[in-house]
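**Q** I'd like to ask some things about the structure below.
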Amino acid sequence: MLEERVRAVMSDLFGVAPEEIGAEASPRTIENWDSLQHLNLALALEQEFDVQFTTDDIAGMTDFARVVATVQKRLPVAAA
Amino acid sequence: MSFSSLRAEVQDLLARGDAEAAWQRLLTALEPELTTQACVMVAAQADKFDLAALGLASTRAALLGSFTLEPLVPLVKALGYRSRLAPECYVGGFNAWQSEALNGDGALYRFQPDVIFLAVRADELAPPLVHDFAALEPDAIQAELDRAQAELEGAIAAIRSRSPARIVVHNFAAPVHPTLGILDANHAHGQQAVFSSLNERLRTLAANYRDVWLLDAARLQAEIGHAQWFDARLWGLARLPLSARAQLRLADECVRFLRAFHGASRKVLALDLDNVLWGGILGEDGADGIQLGTEYPGSAYVEFQRAVLDLHQRGVLLAIVSKNDEAETLRVLESHPAMLLRPRHFAAWRINWEDKAQNLVSLAEELNLKLDSFVFADDSPVEVERVRSALPAVMTVQVTGEPAARAGWLRGLGVFDTLTFSAEDRARGALYAQEAERKRLQSRVSTLEEFYRSLDMELSVSMLDATTLERAAQLTQRTNQFNLTTRRYTLADLAQLRDTPGVRVYLAQLRDRFGDSGIIGLAITRSDSLTVMLDTFLLSCRVVGRGVEGAFLAYIVNQAQQEGQLEIVGEYIPTRKNQLAADFLSDQGFTRAGDGAWHLSLTGHAVAYPEWIRVHAPFSDPSPNPSPQPLTPIPHPNPSPDGRGAGVRESAQA
């Protein structure tokens, strides 16, 4: 569920179909995932999940798996 | 929110060759709230369109500055599209504004910009003024100011000598945490004073060159607050000293300049009246009952009028588009003591019961302006949607939210900005284009019927019961305009009528795509074995003109027919206020007899309902309407504070 939502945000931002975003998706595999879109990704995820990232969080979410893990880390404990 | 379905729809419309519809659909991603993701998506999708063919005006904007500027590009584009501009953008190298300005053979000038934005921060232009301030002697401060001014002038002069482009220069925001702390504002050479001086020098400098404008970056930062403006994470990671919100606000300000330069700013504010310029509905509450005065909420509406008046004084044309009785309305505009706006402030008005989209087309003709000069503001989502769908060039805004916040909201709209430069020149050239567009528009305004159909209207007819007595009495007492006989009934009167044999009190409730209007119609019939007398038939003026009155009457007539009656008789008793209902009975097929009453024979066919309204009723009904539905409960007539009905109850059978 979380992964689907992250995929949807990425799909909108990078202009690729959600199915094309696999676990290893990264700036190397997705053309529009450049350094500036990376920032927009972080901001969009903050809005989508109502969370707050640190600078290190943003710098560290370098592929799909890490993105998901970072979102997970910042979600309140009670939420799924 | 995901855009994948919207993108698919846009793709689909493009594939079918309807670029205009695809474009309008794409732009809906920018509403109701503007987000970075939406702008990025829209800017990317725009590559699939021929923007010139869609009528967008091309404009070439270069962004130079001392920090990362690329993120602004999709925002400027998307905001530009909303104003029917098609910005093409060039971004200068990181902190390379000076070399870009000086390099006559460089990419900046090859781009041939129409506008060059120069976004330089004091942090980069004059670092000692920001970071080493306490160590500076007054002489050193002056020297630093001189140096900064000279560098700015150097760049501006270089650009001016190489390009006719307009130049828009950011001014400087004083540090939010001055080194001298609370002493700073009290000190002759505090940072507050120094930055004031820097901005003053910039203002003088700009005035010495042709077409150099200042963008008040300091005010923008103050508008949303430094804590909201600066995102330390983005600064750390990308040398981007603007939060997402600041980026959007700054891009918006840039587009305000682009609009003004293009003469594309809006010029007319066309306003609804009820619940916009005053609280309440004039036709129902009367001139003494509308909320407008020194006490809340009337005072909030006065403040809103003040904001409208400010626009008028700045040169924005004002117009009225309102469904009301013209004579009564003008009386209020002339003589209500709390009105700030008077008839003389309005360039034109259409106060009638016609379609508002047609009214706007007519106003545009009268004022000799194109529809893309218009802003239309109304509190009704139905009217806003009608104008939005019929006239995409008009900027429609729904007046919503609490009255106390509306004056501020209107002031912040930012779509009327003008420069005094060449406004007349542009108007001359545009006259011919206006004529052609007007002709094109007349044929494109979609029919009212299509629009009504899209509203998904549902009318529920039921009988008066104990829970609806109060609303019913209120309707008979306050409805003046669409009221055939203007008979007033108290609660007690209606309770008695409800229990009188041969008498029926019908109530009509309307729901549509935008919500539940509640009980908006009432009819009283008295029957003997052969004839039904229509004692009362009224409809709230809020919902007149959409076929609701016809549907309500059709229900009553068809029921009488089913029950074996031979004739239905109605009256029209004219008053000063109910001219609106004068032709209703004759339009519905009634004929006037010698006694002055209106008769309709029930031995013919059943009366047809307007196709676009579904009627629900407690009685089974073999009319041409879709299959009868079970009775829909009527919400409590006194809604709870959160706007929903306090509870839904089954309406008892009479």
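Just so it is clear, none of the values below were taken in a lab; they were calculated from the coordinates. This is a predicted model, so every value here is computed, not measured. No Cβ is skipped: glycine too gets one built from the backbone with ideal geometry, and neighbour counts run over all protein chains shown.
**Q** Note down the nm distance, to one decimal, between modelled labels 7 Å out along Cα→Cβ at B:Arg411 and at B:Asp595.
**A** If labels sit at B:Arg411 and B:Asp595, their model points lie 6.4 nm apart.
**Q** Could you state the angle between the C-alpha long axis of helix B:298-314 and the longest principal axis of the C-alpha atoms of chain B, as a value from 0 to 90 degrees rounded to the nearest 10?
**A** That helix lies at roughly 50 degrees to the long axis.
**Q** Moving on. What is the fewest-to-most order of A:Ile58, B:Ile568 by other Cβ atoms lying within 10 Å of their Cβ?
**A** So the ranking, lowest neighbour count to highest, is A:Ile58, B:Ile568.
**Q** What nm value, rounded to one decimal, do you get for the distance between A:Lys73 and A:Thr55 when each label is placed 7 Å out toward the C-beta?
**A** Distance between the two pseudo-spin positions: 1.6 nm.
**Q** Given Cβ point charges of +1 (Lys, Arg) and -1 (Asp, Glu) and nothing else, what value in debye, to the nearest 20, does the dipole of chain B about its Cα centre take?
**A** 900 debye
**Q** Just want to confirm a number: the relative contact order over chain B, from Cα pairs under 8 angstrom separated by 6+ residues, in percent.
**A** Reported as a whole number, the value is 8 percent.
**Q** Test of understanding: what is the full-extension gain from B:Thr400 to B:Arg16, defined as 0.36 nm times their sequence separation minus their Cα-Cα distance?
**A** Values: separation 384, 0.36 × 384 = 138.24 nm, distance 3.62 nm.
Net length gain for the segment: 134.6 nm.
**Q** Further question: Mind ranking A:20-31, A:60-71 by how tightly packed they are, going by the mean number of other C-beta atoms within 10 angstrom, highest first?
**A** The densest-packed peptide leads the list: A:60-71, A:20-31.
**Q** Related question: With the dipole of the range A:2-74 worked out from charges on the C-beta (+1 for Lys and Arg, -1 for Asp and Glu) around the Cα centre, which of A:Thr55, A:Met10, A:Ala42 lies farthest toward the positive end?
**A** A:Thr55
**Q** How much FRET efficiency would the formula 1/(1 + (r/R0)^6) give for B:Asp211 and B:Ile573, where r is the Cβ-Cβ distance and R0 is 51 Å, rounded to 0.05? Spell out each step's value before the answer.
**A** On the way: r = 67 Å, r/R0 = 1.31.
Computed FRET efficiency for B:Asp211 and B:Ile573: 0.15.
**Q** Need the full-extension length gain, B:Thr500 to B:Ser362, defined as separation in residues times 0.36 nm minus the C-alpha distance. One decimal, nm. Numbers along the way, then the final one.
**A** On the way: separation 138, 0.36 × 138 = 49.68 nm, distance 5.04 nm.
In short, 44.6 nm is gained.
**Q** Right, next: So which of B:Lys48/B:Lys267; B:Lys323/B:Lys356; B:Lys267/B:Lys370 end up more than 19 Å apart, counting from Cα to Cα? Write down the numbers at each step before the final one.
**A** On the way: B:Lys48/B:Lys267 31 Å; B:Lys323/B:Lys356 8 Å; B:Lys267/B:Lys370 10 Å.
Going by Cα-Cα distance, B:Lys48/B:Lys267 fall outside the 19 Å limit.
**Q** If you keep only loop residues by DSSP, which chymotrypsin sites (Phe, Trp or Tyr not before Pro) in the range B:166-216 have at most 16 other Cβ atoms within 10 Å of their Cβ?
**A** Those that pass, being in a loop and sparsely packed, are B:Tyr209.
**Q** What is the order of A:Met10, B:Met339, A:Met1, fewest Cβ neighbours within 10 Å to most? Can you show the working numbers first?
**A** Numbers: A:Met10 24, B:Met339 19, A:Met1 6.
In order of increasing Cβ crowding within 10 Å: A:Met1, B:Met339, A:Met10.
**Q** Over the range B:472-542, what is the relative contact order in percent, taking alpha-carbon pairs closer than 8 angstrom and at least six residues apart?
**A** Computed value for the range B:472-542: 33 percent relative contact order.
**Q** A further question on this structure: Give me B:Lys356, B:Lys577, A:Lys73, B:Lys267 ranked fewest to most by other Cβ atoms within 10 Å of their Cβ, as a rough exposure proxy.
**A** Details: B:Lys356 25, B:Lys577 19, A:Lys73 10, B:Lys267 22.
Exposure proxy ranking, most exposed first: A:Lys73, B:Lys577, B:Lys267, B:Lys356.
**Q** Assuming R0 = 45 Å, can you tell me the calculated FRET efficiency for the pair B:Ser529 and B:Asp456, based on Cβ-Cβ distance, to the nearest 0.05? List each step's numbers first, then the result.
**A** Values: r = 39 Å, r/R0 = 0.87.
It comes to 0.70.
**Q** Can you give the extra length, in nm with one decimal, that the chain gains between B:Ala222 and B:Ala582 once fully stretched, where that is 0.36 nm per residue apart less the Cα-Cα distance?
**A** 123.9 nm
**Q** I need the semi-axes of the equivalent ellipsoid of the protein assembly as shown: take the C-alpha gyration tensor, multiply each eigenvalue by 5, square-root it, list largest first in whole angstrom. Walk me through the numbers before you get to the answer.
**A** On the way: eigenvalues 679, 179, 128 Å².
Working through the eigenvalues yields semi-axes of 58, 30, 25 Å.
**Q** Points 7 angstrom from Cα along the Cβ direction at B:Leu54 and B:Val176: gap in nanometres?
**A** Label at B:Leu54, label at B:Val176, 3.6 nm between them.
**Q** Here's a follow-up. What is the calculated FRET efficiency for A:Glu19 to A:Ala65, with r their C-beta to C-beta distance and R₀ = 22 Å, to the nearest 0.05? Present the calculation step by step, with values, prior to reporting the outcome.
**A** On the way: r = 17 Å, r/R0 = 0.77.
The calculated FRET efficiency here is 0.85.
**Q** Would you kindly calculate the translational diffusion coefficient of the range B:493-602, applying Stokes-Einstein with the Kirkwood radius from alpha carbon pairs, for 37 °C and a viscosity of 0.692 mPa s, and quote it in µm² s⁻¹ without decimals?
**A** Using the Kirkwood radius from Cα pairs, D works out to 222 µm²/s.
**Q** Using the Kirkwood radius over Cα pairs, work out the Stokes-Einstein diffusion coefficient for the range A:2-74 at 20 °C and 1.002 mPa s, in µm²/s as a whole number.
**A** Here the translational diffusion coefficient equals 180 µm²/s.
**Q** Next question. List the chymotrypsin sites (Phe, Trp or Tyr not before Pro) in the range B:363-417 that DSSP assigns to loop (not H, G, I, E or B) and whose Cβ has at most 10 other Cβ atoms within 10 Å. Which are they?
**A** none
**Q** B:Asp146: net charge of surrounding residues, Cβ under 13 Å, Lys/Arg +1, Asp/Glu -1, itself excluded? Please report the intermediate quantities before stating the final value.
**A** Values: positive: B:Arg147, B:Arg201; negative: B:Asp139, B:Glu144, B:Glu151, B:Glu153.
Charge balance near B:Asp146 sits at -2.
**Q** Just for the Cα atoms in chain B, what are the lengths along the principal axes, largest first, rounded to whole Å?
**A** 103, 57, 45
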